[in-house]
1. Taking Rg and Dmax of the Cα atoms in Å straight from the coordinates, which label in (1) 18.6, 58; (2) 19.7, 67; (3) 24.5, 87 is the correct one?
2. Can you work out the FRET efficiency for the pair residue 153 and residue 124, with r the C-beta to C-beta distance and R0 = 22 Å, to the nearest 0.05?
3. Give me the number: length gained by fully extending residue 233 to residue 33, i.e. 0.36 nm times residue separation minus the C-alpha to C-alpha distance, one decimal in nm.
4. Springs between alpha-carbon pairs under 10 angstrom, Gaussian network model over the chain: which of 215, 291, 243 fluctuates most?
5. Going by alpha carbons, how many degrees (0 to 90, nearest 10) lie between the helix axis of 258-281 and the longest principal axis of the chain?
6. Stretched out fully, how many nm does the piece from residue 7 to residue 136 gain, at 0.36 nm a residue minus the Cα gap?
7. Which ordering of 187, 92, 57, 279 is given by a fewest-first count of other beta-carbon atoms within 10 Å?
8. How far is helix 140-154 tilted, in degrees, relative to the longest principal axis of the Cα atoms in the chain, given as a value from 0 to 90 rounded to the nearest 10?
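A short reminder: the numbers here are calculations on the coordinates, not readings from a lab. Note that the structure is a prediction, hence the values are computed from the model and not measured. Don't worry about glycine lacking a Cβ; one is built from the backbone with ideal geometry, like all the others, and counts go over all protein chains shown.
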């Protein structure tokens, strides 16, 4: 297995290069010019203050030159890759003193815990629900569960988030806060109240990040379980007189987990990608909101850094899934 993991890690580098090159070209070809946005911001804009030139066109030209935006796309990509190799994603266009790497590090402390909590909750809900639905196939419980999960999976995240805000925010029941991660006076709170305030602020965002994932995972778990319990070795186990719980949880469960393990490769990146919508709606200062702000401002350094991280997480997810296969099914070999 060690040699397989090494090969997969080595293959990650050319794959990541291909992904980043595609993202880089698409971003550069997209409408919008950061130099124009900057110079039109405040009478000469940020670019004017950087270059010391009050003429908008000159300021825009100097802005492009400073960030190598006047070079051919492949040359720009080469400059960018050279900085990435040094683990440096450059500085923000509109806050030149802020390093993108440092800002991402700060914002990941918000996004990653939310994503991990959502992943754990998704699996904790999806696996038992999928098992129950498969075991009770055709029953009223199965039909009701299927209908509810189908409806949940069909709800767009932005729409569900707005509904939750209207229902539980100040305009509705006023049970939960809907903006940010803390109350404006949180710095004056005791430690216990501060933590409780954080938990309350995270309830609605976590719900938005979780419901589509567990709805989808539970359906996959149900399909995997139905496929396994129809096989001969399960009928043999039942014929031996084993208790139904033993048949389900000892013999069927492990074999039916493979599809769900496979989906882990996409769940975590999707949650981080989905955080763009959720963090924007709830004004959470995480990486998703950072990516959205970068797109709006055409800040290429921010957009490339956040999308590259998401791509890297996807590749890591695939690697973890492949390695986990052997734990779930020992028959799988890595040659």
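1. (3)
2. It comes out at approximately 0.80.
3. 65.7 nm is the gain from fully extending residue 233 to residue 33.
4. 243
5. 40
6. 42.2 nm
7. The fewest-first ordering by Cβ neighbours comes to 187, 57, 92, 279.
8. Here the helix axis deviates by roughly 10 degrees.
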